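The block underneath contains the structure these notes are about, expressed in structure tokens.
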Amino acid sequence: MMTHTVSSSRRTFLRSTGVLTGGVLISRYLPDALLGRVAATGLQAPPQDAAVEKMRAQMGSAPIETTKLAEGLVMLSGPGGNVVVLFGREGKVVVDSFVQPAWPRLRATLDGLDGSPLKTLIDTHWHFDHSDNNANFRSAGAGILAHENTKKRLSEPHDLLGMHFEPSPADALPTDTFADRRTVTANGDQIILAYVPPAHTDTDILVHFSKGNVLHMGDLFFNGTYPFIDASTRGNINGMISASGRALQMVDDKTRIVPGHGPLGDRAALQRYRTMLTAIRDKVRAQKAKGATLEQVQADKPTAEFDPQWGKGMMRPNDFVALVYAGV
């Protein structure tokens, strides 16, 4: 699971650099009124490349924890988005890859599972805390499989959460892409990759291990915290709700559901998440339709009933309301 240490350090870093200040998310995709309030604080982020490296270092220092999901199938958590590994005689299939500083420990953990080689890395989406070790997997002999939009987004520069990302080098790009669905057969399991229309980003996929009965949702699912939604690459609250509904149709009461961040979940946890997203979206949408400003909606506290369970992560209640307001 995503440890408290990682969640806390990430939140502390974002707030210390002015990315999140006084309940404000700095993004050119949010209303100008938000940006004015941040400017008034006089806080500025350090140079963007330095911000990326600082976040890498903070997230990368977290220990790697291993959770068994099924025979030959484990979840790794800690220095970035949660990772799933299927291992056996035919080689390792890995979903997501933590941040770069964690690579030596990730490689050692993978090697410790069994003696099989790294065969395939699957990116659930383009964000760096999930795809940062693409080049290291390539150099270790693995192919990289992702949705075609992931390769497109990794090939572009991005400014996100006060950080600047240059296009990824060629050796960090996916070697194989798909548009809608792809099935990978390995180690006696059938892995189904399914593209989801824009939700967290426009690059998201669901990864279902059929035999192991495990679903990796990437950042379509933040278990226990309000999710970040990346409007800069077409993410939106309606897509997040639709993605949760689609995932619910793919699972049963025994399915183990791996979120992008947070502890291992199940169908009931995912249903609670979708209920929360829908309730907040509906409240914010209704108020916005009546002409309420973002500040008025935030003052009305549409997340109040959910804050004790969901409001203590990176996205604080007002930050999440701002994302929802911008997307409805």
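For the stretch 127-144, indicate whether the set of residues that are among the β-branched types (Val, Ile, Thr) and within 10 Å of Lys92 (Cα to Cα) is non-empty. Among the residues of the stretch 127-144, not one is among the β-branched types (Val, Ile, Thr) and within 10 Å of Lys92 (Cα to Cα), which makes the answer no. Considering every residue within the stretch 289-308, establish whether at least one is hydrophobic (A, V, I, L, M, F, W, C), within 14 Å of Phe228 (Cα to Cα), out of contact with any Pro (no Cβ under 8 Å at 6 or more places or on another chain) and surrounded by 20 or more Cβ atoms within 10 Å (Cβ to Cβ). Within the stretch 289-308, none of the residues are hydrophobic (A, V, I, L, M, F, W, C), within 14 Å of Phe228 (Cα to Cα), out of contact with any Pro (no Cβ under 8 Å at 6 or more places or on another chain) and surrounded by 20 or more Cβ atoms within 10 Å (Cβ to Cβ). One residue alone among Asp230, Asp307, Asp252 is in contact with a strand residue (DSSP E or B) (Cβ under 8 Å, 6 or more places away or on another chain), charged (D, E, K, R) and at pLDDT 95 or above, and that residue is Asp230.
Cβ-Cβ below 6 Å, separation at least six or inter-chain, first residue in the stretch 231-246 and touching a residue at least 60 places away in the same chain (Cβ under 8 Å), second part of a helix (DSSP H, G or I) and among the basic types (Lys, Arg): which pairs? If the second residue must be part of a helix (DSSP H, G or I) and among the basic types (Lys, Arg), the pairs left are Thr233/Arg153; Ile237/Arg281. Looking across the stretch 230-273, the residues that are polar (S, T, N, Q) and assigned to a loop (DSSP other than H, G, I, E, B) come down to Asn236, Thr255. Against the condition in contact with a helix residue (DSSP H, G or I) (Cβ under 7 Å, 6 or more places away or on another chain) and among the small types (Gly, Ala, Ser), how does Ala231 come out, does it pass? So Ala231 passes the test. Residues considered: Ser139, Ser131. Of these, the only one that is under 23 Å from Asp49 (Cα atoms) and of a type in the set (Ser, Thr, Tyr) is Ser131.
Filtered by the rule that a residue be crowded, with 24+ Cβ neighbours inside 10 Å, under 16 Å from the mean Cα position of the chain (by Cα) and either among the hydrophobic types (A, V, I, L, M, F, W, C) or not in a strand (DSSP E or B) (or both), the stretch 52-93 gives Met59, Leu76, Pro79, Val83, Val84.
So, Gly262, is that one surrounded by fewer than 16 Cβ atoms within 10 Å (Cβ to Cβ) and closer than 30 Å to Val94 by Cα or not? Considered against the rule, which asks whether it is surrounded by fewer than 16 Cβ atoms within 10 Å (Cβ to Cβ) and closer than 30 Å to Val94 by Cα, Gly262 comes out as no. The strands (runs of 3 or more DSSP E) falling completely within the stretch 118-229 that include 2 or more residues that are buried (at least 19 other Cβ atoms within 10 Å of the Cβ) and under 20 Å from the mean Cα position of the chain (by Cα) map to 118-122, 143-147, 189-195, 205-209, 214-216.
The values are calculated or read from the model by the stated rules, or taken from the named source; none is laboratory data. Predicted, not measured: the structure shown is a model, and the values here were computed from it. We place every Cβ from the backbone using ideal geometry, glycine too, and count neighbours over all the protein chains shown.
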